[in-house]
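Data first, discussion second: the structure below is written as structure tokens.
FYI, it's all coordinate maths here, none of it is from the lab. It should be emphasised that the depicted structure is a prediction, and the values quoted were computed from it without experimental measurement. Virtual Cβ from ideal backbone geometry, glycine too; neighbours counted across all protein chains shown.
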Amino acid sequence: MRFRQRLRHPGLRLPDRSGLQPQRYLWQGQDPEHGADTIAKIFDGKITKWNDDAIKQQNPKVDLPDLDITVVHRSDKSGTTKNFLSYVKDAAGDAWGYELGENWPNEVGQGAKGTSGVISTVQQADGTIGYADASQAGELGTVAVKVGDNYVPFSAEAAAKVVDASPLDESATGDNRVVVKLDHNTTEAGAYPIVLVSYDIACPAYKDANTAKFVKSWLTYVVSDEGQQTAASAAGSAPLSDTMRQKVLKSIDAIETK
């Protein structure tokens with residue numbers, strides 16, 4: 001299969017799982033609210049206390065402790081890191097001066113290997129904050145992220161909403177591709193902007209009719225309500241909305257036999 005012939009759609013993180021992979025901030029204590037600038041300054045070591053004035057202004061009703069912030073980040077190369085940095089770079093603007101990549105870009109905080117390592121490290125002490133897949137975060141608290149004039153807590157619905165509010169990537173046109181260009185600066189009410197969209201990949205046409213039929217049947221199941229709910233239960237992913245599902249089904253229906 002040539003790269004340019006790919007059909008891509010939001011859905012799978014692995015071949016047997018579907019949905020979105022939302023990112024969560026992890027913190028031991030009360031759940032705070034943060035704007036993108038505050039997030040950037042925390043992860044850049046410019047805000048080092050939980051009762052910093054910038055955090056106080058965004059959390060007037062939270063009893064913030066005089067406690068050091070310990071940033072926990074991935075020590076290994078990671079798509080999760082790249083996704084988190086993509087949000088910070090887009091949403092925080094000049095407050096974040098690092099290039100986008102899969103490696104953590106500064107010496108702030110403590111590195112931990114893998115998602116399990118980040119979560120384990122965060123769990124070890126109060127005042128820690130990190131980023132990880134929501135499906136693996138367990139009982140750790142999350143940060144509500146500022147969107148427009150409001151703060152949006154993480155939820156599956158909020159994750160799906162930002163995907164619907166984001167444009168499709170025009171550079172990925174052709175072969176019925178559906179590729180979302182996440183709008184990290186969205187002001188859509190109720191949208192949670194730190195989301196990783198996973199994709200399944202298939203050919204737009206197959207020589208063998210049975211293969212084409214199987215691929216279409218499988219992908220149709222993946223984006224069906226049953227398939228999405230199964231993945232959400234098994235992997236903690238956020239189901240696609242009905243709006244996005246219809247776009248994906250249109251591309252699936254276009255798969256043909258050569």
>> As I understand it, the value is the acute angle between the Cα axis of helix 114-123 and the longest principal axis of the Cα atoms of the chain; what does it come to in degrees, rounded to 10?
In response: 30
>> Under a crude label model (7 Å from the Cα following the beta-carbon direction), how far is K181 from Q246 in nanometres?
In response: 2.3
> Does anything in region 219-258 have its amide N under 18 Å from the 7 Å Cα→Cβ label point of A205, and if so which residues?
Replying inline: 251-258
>> Tell me which of A132, V162, Y206 sits at the most positive position along the dipole axis of the chain, charges placed on C-beta atoms (Lys, Arg +1; Asp, Glu -1).
In response: Y206
> Of all DSSP beta bridges located in region 22-147, what percent are antiparallel, nearest 5?
Replying inline: 50
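Under the rule a/c < 1.5 gives rounded, and otherwise a/b versus b/c splits prolate from oblate, where does region 164-247 land using the Cα gyration tensor?
Values: a/c = 2.76, a/b = 1.43, b/c = 1.94.
Judged from the Cα gyration tensor, region 164-247 comes out oblate (a/c at least 1.5, b/c at or above a/b).
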> Relative contact order for region 114-215 using alpha-carbon pairs under 8 Å, separation at least 6, rounded to a whole percent?
Replying inline: 22
>> What do you get for the angle between helix 242-253 and the principal long axis of the chain? Use alpha-carbon atoms, 0 to 90 degrees, nearest ten.
In response: 30
> Between rounded, prolate and oblate, where does region 22-147 land on the alpha carbon gyration tensor, with a ≥ b ≥ c its root eigenvalues, rounded for a/c under 1.5, else prolate if a/b exceeds b/c?
Replying inline: oblate
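With a cut-off of at most 11 other beta carbons within 10 Å, and DSSP calling the residue loop, which trypsin sites (Lys or Arg not before Pro) in region 171-216 qualify? Please list them.
Those that pass, being in a loop and sparsely packed, are K207.
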> In region 22-147, with Lys and Arg counted as +1 and Asp and Glu as -1 at Cβ, which of these residues, V122, I42, A112, has the Cα nearest the positive end of the dipole, that is, farthest along it?
Replying inline: A112
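Based on Cβ point charges of +1 for Lys and Arg and -1 for Asp and Glu, what charge dipole magnitude is obtained for the chain about its Cα centre, in debye rounded to the nearest 20?
Rounded to the nearest 20 debye, it is 1160 debye.
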>> Suppose we flag GluC sites (Glu not before Pro) only when DSSP calls them loop and at most 13 other Cβ atoms lie within 10 Å. Which is the longest uninterrupted stretch of the chain?
In response: 140-258
> Q229 to N106: FRET efficiency via 1/(1 + (r/R0)^6), r the Cβ-Cβ distance, R0 45 Å, to the nearest 0.05?
Replying inline: 0.70
>> Taking only Cα atoms of the chain, what ratio of Rg to Rh do you get with Rh as the Kirkwood inverse-distance radius?
In response: 1.01
